[in-house]
Amino acid sequence: MRTIKPEPALTLADHKAAILRDNRRVTSYDVALVAGVSQSAVSRCFKPGASVSKATYARVMKAAAGLDYIPNAAARSLITRRSNMVAVIISNLANLYYPEALSELSREVGRRGKRVLLFTLQEESELEAVLNDVWQYQVDGVIAAATLSDGQVAEFGRRRLPLVVFNRNPRGQAANTVACDQYEAGRALAARLAAAGHRLFGIIDGEQDNTVASERRRGACEQLAELGLPAPVIVRGAFDYASGKLGLREIIARGNGSIPDAILCGSDMMTIGCLDCARHELGISVPEQLSVAGFDAVEPSNWLSYNLTTLRQPIQQMAAAAAELLQNLMECSEGAAEKRMFAPQFIEGATARLTPPASIELAA
């Protein structure tokens, strides 16, 4: 009887040479051959939380390192039917608040084993076209910092795609939401300045289709009306430095050259533009002649040359809540829509007078 000798196993060097000769990518099958385990064992070693022995894990990792193996996320998604990608739709990148929000969202999504696929909007009216792109990428969920129509929210439900609306408060929509209460923020800022004796207000508003700006403006206007104060002069801005400067000039021009007591700006970038125009171009003393306040507490707002009076949104807590809520929806999509609302923090900067003048205190 002839004895058949088993073929010797390929060494790591032999296997690498064969891969280079064939000019192909390293696969999990190659790692399995070198490690002497099954292909499914290799897959388990690269799956967080999967059951695998320490000895098997060590052999697989050694073989993978030797072969320069990197798991193919696309191939794995075909098996798991999960892309492990979360689409983040975000608008108004000119607003300095959004890079901070994007950074926090990316960090929180990454902590949950997902990766962010970013879609940007120059204007929120572009959302429909962006959603057509989102559908094609087969993402596991979406965090949308944009205003969605009822039909767009319904389309997410029809596609059974988890959605969290970020920093928008869609009224009457059955959408899962994480937001700062912009309406109450507007009321709070107007009330604080009115309590300090300001009577004549101007507002440099945000872009027309931006619901964050409109909620802030609505809150401020309704608060001033309830206090019996004159309606503020409202001008349109674009969340940028230039519109803050132009907005101040327009408000003064519409008041026949008179300076209002206080100006509320829809973002800190517009507040900085308004402040620079007042101090360096028009010679207006801030806050002695004019109080200026904004929203968002972006990084430049606390620079010594500005030190803005503003409202800070709790971005870290909001991003963590959005990622957590989306993860819950991906695991179980049943149940009523949830809304998580956060309150802003008032920052007492140096650009607004926050105590009543002596004449008002005596009159009170």
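What follows draws every value from the coordinates through simple rules; no lab data is involved. Because the structure is predicted, anything quoted here is derived from the model rather than measured. Don't worry about glycine lacking a Cβ; one is built from the backbone with ideal geometry, like all the others, and counts go over all protein chains shown.
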request  = Using only Cα atoms, find the angle between the long axis of helix 54-67 and the longest principal axis of the chain, and express it within 0 to 90 degrees, rounded to the nearest 10.
outcome  = 90
query = Looking only at GluC sites (Glu not before Pro) in DSSP loops with at most 13 other Cβ atoms within 10 Å, what is the longest site-free stretch of the chain?
reply = 124-287
query = Top mean-square fluctuation among Ser38, Ser214, Ser243, Gaussian network model of the chain, C-alpha springs under 10 Å?
reply = Ser38
key: Exposure proxy order (Cβ contacts within 10 Å, fewest to most) of Trp135, Trp303   = Trp303, Trp135
task = Enumerate the calculated ³J(HN,Hα) couplings along segment 236-251 in order (Karplus 6.51 cos²θ - 1.76 cosθ + 1.60, θ = phi - 60°), each rounded to whole Hz, writing x wherever the residue is Gly or Pro.
result = 7, x, 10, 6, 10, 4, 4, 6, x, 5, 5, x, 4, 4, 5, 4
Lys pairs, the chain - Cα-Cα below 29 angstrom, 8 or more residues apart or on other chains = 11
remark   = Of Thr11, Thr310, Thr271, the most mobile residue in a GNM of the chain (C-alpha springs, cutoff 10 Å) is Thr11
query = Convex hull volume of the Cα atoms in segment 192-268, per residue, in Å³?
reply = 83
key: Value at 222 nm in deg cm²/dmol, rounded to 500, when DSSP H runs of n ≥ 4 in the chain each add -39,500 (n - 2.57)   = -13500 deg cm²/dmol
request  = Divide, for segment 86-170, the radius of gyration over alpha carbons by 2.2 N^0.38 Å, where N is the residue count.
outcome  = 1.02
inquiry  = I want to verify a result. In a Gaussian network model of the chain, Cα cutoff 10 Å, which of these has the top mean-square fluctuation: Ala179, Ala194, Ala64?
reply    = Ala64
message = Only counting other Cβ atoms within 10 Å, I'd like Met270, Met318 sorted with the fewest neighbours first.
response = Met318, Met270
request  = With N set to the residue count of segment 180-228, report its C-alpha Rg divided by 2.2 N^0.38 Å to two decimal places.
outcome  = 1.09
ask   = Taking a quarter of the surface of the convex hull around the Cα atoms of the chain, what do you get in nm²?
value = 27.0
key: Dipole of the chain, positive direction: furthest Cα of Val130, Leu117, Ser285, with charges on the beta-carbon   = Leu117
key: Cβ-derived FRET efficiency at R0 35 Å, Asn23 paired with Glu334, nearest 0.05   = 0.10
inquiry  = Please report the projected area of segment 12-71's Cα convex hull averaged over all directions, in nm².
reply    = 3.7
note = Ranked output for segments 84-91, 110-117 by mean other Cβ atoms within 10 Å, highest leading, reads 84-91, 110-117
query = Normalised by the residues of segment 12-71, what does the relative contact order come to in percent, with Cα pairs under 8 Å and at least six apart?
reply = 40
